[in-house]
Amino acid sequence: MSLLPENTTLWISGVRVLLPDGDWHQPEIADIAIADDMIVGIAPRYELGPGQAPPETLDARGHLVLPGFVNAHYHSHDVLAKGTLEEVPLEQWRLFALPAQYPPRSLAEVRARTLLGAIECLRSGMTTVQDMLTLYPFDPAHLATVLQAYKDIGIRVVFSLQYGDRKGLDTVPFWKEVFPPEFHHLLSSAAEPEKNFDLLAYFEATCLKAAPQPRLHWALGPSAPERCTPELMARTVALARRYDIPVYSHIYESKGMALQARLELQQYGGSLIRRLEAEDCLGPHMNFAHSVWLAPDEIEILAKTGAGTVLNPQGNLKMQCGLPPIKSLMNAGVRIGLGCDNCSCSDAQNMYAAMKLFSLLATVGDLRKGPPPALEALKAATEGGAQGARLGHLIGKLAPGYKADLSILDLSDPSFVPLNSVARQLVHIEGGRAVRHVMVDGNWVIKDRRFVTIDEAAIFAEVEAVMPTFRKDFADITARVARLQPWLDEAQQKIADTDVGIERLPRLS
Ligand SMILES: [Zn+2]
């Protein structure tokens, strides 16, 4: 029996704890002492010291506490498009999902979508989200609305704007040659250049130099190396080093992106990673979302430089991108985080779905032996995402000195009966149904399955109020893409028919 630390403000007792070096199959039962926003002690059992006033208590017998998940790749700009699409190739999907295709959005819609996305993240036990947000055309009022929404709901956010300085049309193989010129203005990608506006300079002046705020962390979001000139990448990396903040960029999500590198980077052997290495852009600050079409030598360069990846298996499958080389990444010791990406391609902001797919794709994608996939999935969803965000010393683990960012699951849920292996049952059976309480920065955000910080029903009503406009705009976009279909298909076929030296798509007949 240990004495409860004197400054304890919340005493969680009798709970199974996923400790950093503990047994993740049969986690031990312990008490947790929290003081304000920090974990200050974990012990088999605490008792009050002499004369010590009892703090707030939670009897959590029959429950499991996990470090809050880190959704390490996400874009809040298209939350309202969840469930709108079936299978669609990534290059074509961009025309449905990305802000450059839409008329300007209302502040009411921006607020509603931000809160709705955060609600879904929190309900699956995510306490941190990396929002790589495209605001196009940029409007400071939209940025302020997004940040206020995150503050209101109480989730931790690693926030970056998504940017690039090359036009999408110039970065997708065959589009320029296949499409008649009169359609070129309709073809855009993830981040179109802003005319006469230096977004990066604005972001530094108004965000990076601003006073720190609780639960708000900054990051940089160059959309993809092929959408950024070497000058823009150099400015990005200089800022990341100056402010010690992470960089998130898409890389090799689809075969088309690998082919683009082969076509335009012959001086670097057709490799974006070799280009970035030559430009001194690699290092622990760098996180590459997707990494599906990384070649073996590129994986070695990531391992050598400390650059990491964020895998998004849900969207990769639905957008016909392929199977990421998960086992090769694990065996090489490359940092891996997990994300749920856009709602229009992944549909669910659910880390349980992402962990299950990660584990199964690792199993089938490479028949060699590797680390146990379920344990690696849990690590990626917690420690991996935290380290990539440069927050590995504060979140992603349950230990004294770490932030009180956690979720508490009810082990009487059928997912955990009988309790054979917590790790495997979390990854392969649980879907988020057992999540009962969620805490961020020492504050209850969900208590007994109900939101404490916001009125969930009122936000759903806000969403319904903006949907007529969104649905009309989405219908217009769908009609426009239908007109472009013959050329989209032609370009896609050309990509499919071209060898890029590696294969990440199954070939079944
Ligand atoms: Zn993305």
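The values are calculated or read from the model by the stated rules, or taken from the named source; none is laboratory data. Everything numeric here is computed off the predicted structure, so don't read it as measured data. Here Cβ is always computed from backbone atoms with ideal geometry, including for glycine, and neighbour counts include all displayed protein chains.
Quick check on my filter: what residues within region 207-228 are surrounded by fewer than 20 Cβ atoms within 10 Å (Cβ to Cβ), aliphatic (A, V, I, L, M) and in a loop (DSSP other than H, G, I, E, B)?
Result: ALA210, ALA211.
If a residue must be farther than 21 Å from PHE358 by Cβ and either β-branched (Val, Ile, Thr) or modelled with pLDDT under 95 (or both), how many such residues does region 404-455 contain?
Residues flagged as farther than 21 Å from PHE358 by Cβ and either β-branched (Val, Ile, Thr) or modelled with pLDDT under 95 (or both) within region 404-455 amount to 9.
Could you give me the residue pairs with C-beta distances under 7 Å whose first residue belongs to region 331-349 and is within 13 Å of PHE288 (Cβ to Cβ), whose second residue is in a loop (DSSP other than H, G, I, E, B) and more than 11 Å from the ligand (Cβ to nearest atom) wherever it lies, and which are 6+ apart or on separate chains?
From region 331-349, no pairs qualify.
Tell me whether region 129-148 contains one or more residues that are in contact (Cβ under 8 Å) with a residue 60 or more places away in the chain, closer than 19 Å to ARG436 by Cβ and not charged (D, E, K, R).
The answer is no, given that none of the residues of region 129-148 is in contact (Cβ under 8 Å) with a residue 60 or more places away in the chain, closer than 19 Å to ARG436 by Cβ and not charged (D, E, K, R).
How many residues are touching a Leu at 6+ places or on another chain (Cβ under 9 Å) and of a type outside the set (Lys, Arg) if we restrict to region 226-267?
Within region 226-267, residues that are touching a Leu at 6+ places or on another chain (Cβ under 9 Å) and of a type outside the set (Lys, Arg) number 23.
Just to be sure, is TRP24 in contact (Cβ under 8 Å) with a residue 24 or more places away in the chain, assigned to a strand (DSSP E or B) and buried (at least 19 other Cβ atoms within 10 Å of the Cβ)?
No, not satisfied.
Among the candidates GLY308, GLY270, single out the residue that is more than 16 Å from the ligand (Cβ to nearest atom), modelled with pLDDT of 95 or more, in contact with a Lys or Arg (Cβ under 8 Å, 6 or more places away or on another chain) and not aliphatic (A, V, I, L, M).
Exactly one of GLY308, GLY270 is more than 16 Å from the ligand (Cβ to nearest atom), modelled with pLDDT of 95 or more, in contact with a Lys or Arg (Cβ under 8 Å, 6 or more places away or on another chain) and not aliphatic (A, V, I, L, M), namely GLY270.
Confirm whether GLY322 is more than 13 Å from the chain's Cα centre (by Cα), surrounded by 23 or more Cβ atoms within 10 Å (Cβ to Cβ) and either within 16 Å of the ligand (Cβ to nearest atom) or not in a helix (DSSP H, G or I) (or both).
Yes: the conditions hold for GLY322.
So which of GLN92, GLN130, GLN26, GLN52 is over 30 Å from ALA348 (Cα atoms) and either polar (S, T, N, Q) or within 16 Å of the ligand (Cβ to nearest atom) (or both)?
None of the others qualify; the one that does is GLN52.
Filter region 339-357 down to residues that are hydrophobic (A, V, I, L, M, F, W, C) and touching a strand residue (DSSP E or B) at 6+ places or on another chain (Cβ under 6 Å) and give me whichever is nearest to the ligand (Cβ to nearest atom).
Looking at the filtered set, the residue picked out is CYS340.
Touching an Asp or Glu at 6+ places or on another chain (Cβ under 7 Å), more than 16 Å from the ligand (Cβ to nearest atom) and either of a type outside the set (Phe, Trp, Tyr) or at positive phi (or both): which single residue out of ARG235, ARG215 fits that description?
ARG215
From the set of residues in region 246-267 that are in a loop (DSSP other than H, G, I, E, B) and touching a residue at least 24 places away in the same chain (Cβ under 8 Å), which is nearest to the ligand (Cβ to nearest atom)?
GLU253
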